[in-house]
1. Would you say A:V169 is more than 14 Å from every other protein chain (Cβ to nearest Cβ), surrounded by 21 or more Cβ atoms within 10 Å (Cβ to Cβ) and either farther than 20 Å from A:G98 by Cα or touching a residue at least 60 places away in the same chain (Cβ under 8 Å) (or both)?
2. For region A:93-152, how many residues are closer than 30 Å to A:E187 by Cα, facing chain B (nearest Cβ under 8 Å) and hydrophobic (A, V, I, L, M, F, W, C)?
3. Please work out if A:L238 is surrounded by 15 or more Cβ atoms within 10 Å (Cβ to Cβ) and within 30 Å of B:V169 (Cα to Cα).
4. Report the residue count in region B:113-128 for those that are assigned to a helix (DSSP H, G or I) and exposed (fewer than 13 other Cβ atoms within 10 Å of the Cβ).
5. Would region B:154-176 turn up any residue that is assigned to a helix (DSSP H, G or I), surrounded by 13 or more Cβ atoms within 10 Å (Cβ to Cβ) and touching a residue at least 40 places away in the same chain (Cβ under 8 Å)?
6. Would it be correct to say that B:Q59 is at pLDDT below 75 and either acidic (D, E) or not in a helix (DSSP H, G or I) (or both)?
7. A:Q243 passes all but one of (1) part of a helix (DSSP H, G or I); (2) over 26 Å from B:S166 (Cβ atoms); (3) more than 10 Å from chain B (Cβ to nearest Cβ); which number fails?
8. Across region B:26-38, which residue is farthest from the other protein chains (Cβ to nearest Cβ) among those that are surrounded by 13 or more Cβ atoms within 10 Å (Cβ to Cβ) and either modelled with pLDDT under 70 or closer than 21 Å to B:T283 by Cβ (or both)?
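The values are calculated or read from the model by the stated rules, or taken from the named source; none is laboratory data. Treat the numbers as computed from the prediction; the structure is a model and nothing was measured. Quick reminder, even Gly has a Cβ in these numbers, built from the backbone with ideal geometry, and neighbours come from all protein chains shown.
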Amino acid sequence: MAGKTLARDRSLWMTYWLRLRSNRASVVSLVGLILLVGLAAFGPLIYTKSAITPDYKAINAQPLAAHWFGTDNLGRDTLARLLLGLRVSLIVAFYVEGLNILLGATLGLLAGYFGGILDVLVTRLADMLFAFPGLLLAILVAASFGAAVTDRFGGIGRLLLVAGSLSLVSWPLMARLVRSQVLVLREQEFVVASRSLGASDAWIIVRHILPNVAGLIAVSSTLDVAGVVVNESVLSLLGLGIQPPDPSIGKMIVDSMPFLEANPLQVFLPSAALMLIVLTVSFLGDGLRDVFDPRSLP
Amino acid sequence: MGNVILRRFVSLPFVIFSITFITFWVGFLAPGDPILSMMGGRNDQATYERLRHLYGLDQTWNDQYFRYLGGLLRGDLGLSFRYQGRPVVEIVSGGIPVSVSLGAVALVLSLSIGVPVGIWAALWQNTTAERLSMAAMLMLYSIPSFVLIPIFRWVNYQFYARGWPSLPVAGWGQPEHWIMPVLVLAAASVGYIARLTRVSMLEVLKQDYLRTAYAKGLGQNRILWVHAFRNAVLPIITVVGPSVAFLVTGAFVVENIFAIPGIGFLSVQAIQQRDYPVIQSTTVILAAAVVLMNLITDLLYSLLDPRIRVEG
């Protein structure tokens, strides 16, 4: 096959892209995710109904021309709220993964590469945070600082606090994964060879270590998004996340639950949106794992 | 065996220290003056000083931390901010038996469904029924509880609307109040346990000693339950620790939606009332519960698996 001989001329990233494209589940989930991000970014600009102003003539309404997805118990437009809630979920996920990569991956990489006192400090700190099961630490931090942060910095501050507290739960895992991978890479022949040729630590990290952990970081942060989106919803429904009247998917589900019998769509539409994010991200993460698996290199 | 247990007990103080230290600092750094908000509009310096002293807030941070630790050791969790002068222990102690019994029932239920399903799936590997059931288990594992609850409630409502027997939507005290919360809590761990059991059982089924057992003509049942199951069940014990961590997060959501007066419900109430000492205490209690469960499973594991005892 002609394509096979050309494979070695392709860049590594091109190979990755072709491999991702050949997996149908990954392509479908990638397209789905792009659509979701597009909806969150541009949806509220196109569907301009207010997510906050109630329509007193349509309380708990079924879908109709004026309100495509109906309204909630206060007469607020569900589609408009859903689009903004989607935006909140995705922004929080984006911030959390940003923090995880900036903090967790960087610390894990440096700790694994340099070892010594830095390694001890990073692993001990990660172990300390690991002592808290599940969301407990995020709940504690969001509860303790939430009110003051909202008073001083408003909605954006609250969003960042939610992201920060969720990241407290997930960066230690990222640091641990990257560190253990770097510990292996550090002793590999190509790194030793590079060092014996006089390469500096910075060169080795950027040219040899980073490209080899980039896949791991991409895969684990993509897979982590599913958990972060769910956790953001949990914080919001406990009253710790985005504050009313601003919408959040978790809060929408819980607020509509008392009216489940009269208007089930108000509960099931946000639930479906949440599951859609979780599923697309999980399938994409699984696809990326196969893409970056060195055992599947041609 | 001594070594493994010893190592466990050496790391235990570190974990306990981490939990109490971080919890203390979060509370210490939490902005706002609790005494001031407690006094409301009154402006009385003498009362202010007296309250500050009563709550120990006039001490330096390390005195406060050691006072807090000492209190924890004596089972004294400090005083509530919201209910002035009322000990936190009084507030949270009512919730502990509720949460523990709910979690224990859910755990037993998820083990007694998850383990048989996992074994069945391993024995019927690569059949359509097995693939479908494992997909269902993956669904159970990945659906968050607050999405599962409305589905349950909606099905329940359809029963109610047709005059069929149905369950109460929320509340606590009657046996029927248990059914929905326990099912929701168990759902995620069932999926997790079933998938893990299947993998562990498949691993054992490949082993040479099973082929030997077949070769020497032992019966199918004896091979399955004596040779395979006993070895497959070992890794399943380790699942119990993570499952309890699931249950802790699940308890927050489930107890609040079903209005069950457990630890998760009390924590959220305290969050709404900005009662930080109560939030701190419930965090420490829940984290300690998970640590304890992990310790017990590890001990059980090293007790049951002779290889670990020797190597440890």
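1. Spelling it out, it is not the case that A:V169 is more than 14 Å from every other protein chain (Cβ to nearest Cβ), surrounded by 21 or more Cβ atoms within 10 Å (Cβ to Cβ) and either farther than 20 Å from A:G98 by Cα or touching a residue at least 60 places away in the same chain (Cβ under 8 Å) (or both).
2. 2
3. For A:L238, the condition - surrounded by 15 or more Cβ atoms within 10 Å (Cβ to Cβ) and within 30 Å of B:V169 (Cα to Cα) - is met.
4. Number satisfying all stated conditions: 2.
5. No; the residues of region B:154-176 include none that is assigned to a helix (DSSP H, G or I), surrounded by 13 or more Cβ atoms within 10 Å (Cβ to Cβ) and touching a residue at least 40 places away in the same chain (Cβ under 8 Å).
6. no
7. With (1) part of a helix (DSSP H, G or I); (2) over 26 Å from B:S166 (Cβ atoms); (3) more than 10 Å from chain B (Cβ to nearest Cβ) applied to A:Q243, the lone miss is (1).
8. My answer is B:P34.
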